[in-house]
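A short worksheet on the structure shown next.
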């Protein structure tokens, strides 16, 4: 996969351009610098964008939408979010009016975010209109996207003025990507990355990776290797807290720890020059075309040089990502407020900006504050809902190499080193078997299983009911328990009916089983007594007598035979019948033997029909 993400042509162009620039006379360079100084002098910076700590805010992030086509946990709470009504979202004209006001006041860089900005209709034309603001001093137009629906639009976006692109991708594993995002699209993101790297009109391409402990932190070296042959900047972002994303400090991996890990593999890496006000600390590895960096917003604040403001999709100005205070510019626009009055409102908000992290004193203050979820602010590309237990599952898969085995199984065929799983497609996604081309045949399957029970339960099943013998003493606790168990009905009859009903419901219980019109179901439950061998492990229901012999073992054997004429087998139906039948016995007897019963030895004893042929399992398990 990595070899496909290359841009050698772009890299050579960059080197040629650099050599040509160095060859120009010094006088030309001096004249360019003088021209820049002249332009800056003609366009003074508005005091409205300077806060009380003398930080000059020349960078504006504009969220174009609250909607997203992915679902990841760090942007959206698990319960979802209430999106703003369409009438509350800034129109294109309102976006352009506010952007022009900010640019005329000193903003030199605009970045479009979301949600996912590419889901907004007319984004290509909107960038074209923003590009017209260059005459007022705008120098760059960037966008942060998840890349799902981007690759075909990149040429148009660049032609209309897009200069910088950040893509968000938190895993290089397509199987994990789909579970994390609840959406397919890993290939689409990589395709967008390749197109971006091959677009000479883009001044920079960056890849944002939100790093979370025990979820994707072990993939950091793989992301670093992407910079070897690509003029790409990979930025590792510390997991940040927003409402509903269940942030904990233990889930955050400090950038210093990641740097130590990378340094152990590449001790020759060195610190690269950072751009003014850049939030990332960048590093390079000798011989690598690209770079990598860290956005250490939690462990190593860069608030002292913060130069950015945010405009939400519903028209609120946020002066700090972590500050819940917002001022509506949309409402004032729609009330007829003039540009000078709007600028005064903006100035009041900027002057109220805290020194760092919205005034929070420590990380604990950030856990579940009233701040918006990330998707409603416009930060990194929105990827939303995921249950937090997924990260633990994948940590286990990684440690046991199960995930690697799955990849090999998915990519192999029936003749390869591993048998192909029938209920997953080539990408590892769950998939029902297609039986449309199969020929109907008569099929049958028999499954068996046992529940081991103590003697008191066995006696209960094989003796008379109360009142029939007159021997039951209802003052005795055991007798009371027996009476309670018998009050539910005849154990074996109820279990037999439950097994038949469960067999019919197999497709409702097992997700990828086909619903079948079964021809016949036969279920029997038989009490059994057996003498265990000396070598067998003692069960709770067995004990050794003084002469060294073991007492008998008691059990109920369940056997289910299912018949059907069709295109698929009925082994699962037979196994379901046995399992439900034995579970029903356990439920019926739990009052007298709940702590001592044990279900096991469930297997398919025989099957007939179908492409794989007939088979019968012998008593010794062969």
Give the peptides 198-207, 180-189, 452-461, 604-613 in descending order of average Cβ contacts within 10 Å, highest first. 452-461, 180-189, 198-207, 604-613
Given contacts defined as C-alpha pairs under 8 Å and at least six residues apart, what's the relative contact order of region 94-195, whole-number percent? 27
Length gain on complete extension for the stretch residue 522 to residue 203, per 0.36 nm per residue less the alpha carbon to alpha carbon distance? 107.6 nm
Burial-style ranking of 327-339, 46-58, 218-230, 491-503, average other-beta-carbon count within 10 Å with highest first, yields 491-503, 218-230, 46-58, 327-339
Which of the peptides 436-444, 126-134 is most tightly packed, and how do the rest follow, going by the mean number of other Cβ atoms within 10 Å of each residue? 126-134, 436-444
At 0.36 nm per residue, minus the direct Cα-Cα distance, what do residue 272 and residue 441 gain on full extension? Give it in nm, one decimal, please. 53.9 nm
Note the full-extension length gain between residue 337 and residue 132 as 0.36 nm times their separation in residues minus their Cα-Cα distance, in nm to one decimal. 71.4 nm
Fewest Cβ neighbours within 10 Å first, please rank 113, 463, 171 accordingly. 463, 171, 113
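Coordinate-derived values only; no laboratory data. Not measured: the values here are computed from a predicted model. Neighbour counts run over all protein chains shown; Cβ positions are idealised from the backbone, glycine included.
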